[in-house]
Amino acid sequence: MRELLTRMHEWMAHYMKSFYSDDAEVQRGILIKERHTGYVTANCVELAKFLHLPPHDVELAEIIGLFHDVGRFRQYSLYKTFNDADSEDHADLALKVIDELNFFTELSADDFAVVKFAIANHNEKIVAATDDARKILFAKIIRDADKLDIYRVLEPFLAQSAADQMPNFIKAKGNLVADISPDFVENFVTGEQADYRKIRTNGDRKIVRLMWIYDINFSWTMQKIVERGYIEKIVANLPMDERIAEGVRRLRAHVAEKISEVIR
Ligand SMILES: [Fe+2]
């Protein structure tokens, strides 16, 4: 499969460059996704090795990382946005691109099904129910690898309140203020996932990203998130009161518990 992976990497590098543009804003978006693809692919490989998966499965994780956001490029060229709600689900778009690529037929039917399931579910609120443990495992790997890198991408924006420095495609619609909406405060205190579609303020946006922590699957990923200080940088810039402090205590307890898990 190494030789197939080499061809896949070459195809992807060429494909991403084909979207380069003279328009500075378009080019900025494409480069963000190109770098993200590289980091997520590396995260997938590292996480799969941490989990002691056999070499074949480490390579499968690499393929999933490489192609998980392939739909982003067509999305941006067609709709000039990375906002799925304003355009098309970028995972659905990825599956369309993948179905057009002959080299995927070189994978076994089982492996191809795993790749498609993991990519289809990489950005869903929860992973679709299935009794196929391999599908679940690889979906969990890509979801962790992706979130870890999205924290890197968003760090400068989440760690400050100057929302006006966000590029347009990251900016929330509507009013960006430092407050947190009451329903988001409630979600944060109880540890329940906040509804992304209800984001009204910049504070809500930070809460949604912090709540992702409850959706991290592996101790490896949590360790990296802590080492890089993503959580503390967001927390340091939250408007603070007793309820938010309670949510932060709950969050930190969860982080400590996940990190202490033995390879899971
Ligand atoms: Fe991604």
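The values are calculated or read from the model by the stated rules, or taken from the named source; none is laboratory data. As the structure is a computational prediction, the values presented were derived from the model and not from experiment. We place every Cβ from the backbone using ideal geometry, glycine too, and count neighbours over all the protein chains shown. Ligands, DNA and RNA are stripped out before the accessible areas are found, and what is left, the full protein with its side chains, is counted by its heavy atoms. Shrake-Rupley method; radii C 1.70, N 1.55, O 1.52, S 1.80 Å.
For LYS198, a cut-off of 27 angstrom between C-alpha atoms picks up these lysines, skipping any fewer than 8 places away in its own chain: LYS33, LYS80, LYS125, LYS140, LYS147, LYS171, LYS173, LYS206, LYS233.
Helix content alone sets the calculated 222 nm mean residue ellipticity of the chain: runs of n ≥ 4 DSSP H residues at -39500 (n - 2.57) each, divided across all residues, give -20000 deg cm²/dmol. A simple charge model with +1 on the Cβ of Lys and Arg, -1 on the Cβ of Asp and Glu and nothing else charged puts the dipole of the chain at about 520 debye relative to its Cα centre. Highest GNM mean-square fluctuation among GLU192, GLU242, GLU106, for the chain modelled with Cα contacts below 10 Å: GLU242. Compared with the dominant principal axis of the Cα atoms in the chain, helix 109-120 is inclined by about 30°. The calculated FRET efficiency for ASN83 paired with ALA133, based on their beta-carbon distance and R0 = 45 Å, is about 0.85. The label-point distance for GLU192 and ALA42, in a model that sets each label 7 Å from Cα toward Cβ, rounds to 4.0 nm.
If you roll a 1.4 angstrom probe over the protein chains with everything in place, what fraction of the accessible area of the chain belongs to carbon and sulfur, to the nearest %? The nonpolar share, carbon plus sulfur, comes to 53 percent.
Measuring only protein heavy atoms, the 1.4 Å probe finds SER219 accessible over about 10 Å². Between 0 and 90 degrees, the angle of helix 55-67 with respect to the longest Cα principal axis of the chain falls at about 70 degrees. GNM on the chain, C-alpha springs below 10 Å: top fluctuator among THR130, THR201, THR190? Answer for the Gaussian network model of the chain: THR130. On the basis of the beta-carbon distance and an R0 of 41 Å, ASP92 and ASN237 show a calculated FRET efficiency of 0.75. Computed packing ranks the peptides 115-123, 48-56 as 115-123, 48-56, most packed first, by mean other Cβ atoms within 10 Å. Here the label points at HIS14 and ASP99, each 7 Å from Cα along the C-beta direction, are separated by 2.4 nm in the simple model. Charge dipole (Cα centre; +1 on Lys/Arg Cβ, -1 on Asp/Glu Cβ; no other charges) of the range 74-157 amounts to roughly 200 debye. With K and R counted +1 and D and E -1, the other residues having a Cβ less than 12 Å from that of VAL189 yield a net charge of -3. Protein heavy-atom accessible surface, 1.4 Å probe, per residue over the chain: 47 Å². The HN-Hα couplings worked out from phi for the range 191-208 by the Karplus form 6.51 cos²θ - 1.76 cosθ + 1.60 (θ = phi - 60°) are x, 8, 4, 7, 8, 3, 5, 9, 4, 10, 10, 5, x, 4, 4, 5, 4, 4 Hz, whole numbers, x standing for Gly and Pro.
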